[in-house]
């Protein structure tokens, strides 16, 4: 199960009014485990940066002007996400921006049903509580001390930890999946994968302890339980 936890930074709240994406960050998960693969890109929005947006993420037009425009990185982003589920905090916001950018680049939009909203999950799990990303970090004791301003990649990495807490405590999935057709609808797939250590652990038993153990075994004689035939 491949998932992409992602975030965007923008010039404002409304792509219809001309706001643009200025940063994309994304982290890949497989079976609820980070793979180490990330996507990160600053983007030249080809417009000014409103002071309110700059206060949020600290990205100035002077900084962004030498980065590529969205159309130049669009295919790389599409290749990275593939058909994975896209996980975001307030996913509708990020989805409307990415689809606006894709539309402007004459590329197919990403279906909304390919996304999963951690804000909605948190609201259902903790009704009435604060469910901002910072609030969830406090709830799950996740270190977000480096989050002085919003940053798409950092926020994606933090959100990945929050998401895994929301769905089960940062542990790989353990599920019993129904298999087969209607005639075997109660059958369960209980298969699992065992990963062997690449190198056996060194023994912690000393030679003296081994000798003492062997002498103890000999002292028990032939009447010891493990010497009896079943």
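Every read-out reported here was derived from the displayed coordinates using simple, explicitly stated rules and does not represent laboratory data. Quantities reported herein were computed from a predicted structural model and do not represent experimental measurements. Ideal geometry is used to build each Cβ from the backbone, glycine not excepted, and the neighbour counts take in all protein chains shown.
Among 1, 49, sorting on how many other beta-carbon atoms sit within 10 Å of each Cβ, with the fewest leading, yields 1, 49.
Students often check this: by mean Cβ neighbours within 10 Å, which of 7-16, 113-122, 126-135 ranks highest, and how do the rest follow?
Details: 7-16: 19.0, 113-122: 17.0, 126-135: 13.0.
Ranked from most to least packed, the peptides come out as 7-16, 113-122, 126-135.
The stretch between residue 83 and residue 16 holds 21.5 nm of extra length on full extension. This uses 0.36 nm per residue minus the Cα-Cα distance. Using only Cα coordinates, the Kirkwood hydrodynamic radius of the stretch 79-147 works out to 13.7 Å.
Fully extending the segment from residue 120 to residue 47 would add 23.1 nm, taking 0.36 nm per residue of separation and subtracting the current Cα-Cα distance. The packing ranking, built from the mean of other Cβ atoms within 10 Å per residue, places the peptides 18-29, 88-99 in the order 18-29, 88-99, highest first.
Evaluated at q = 0.20 Å⁻¹, the base-10 log of the normalised Debye intensity for the stretch 1-133, with identical point scatterers placed on the Cα atoms, takes the values -1.25.
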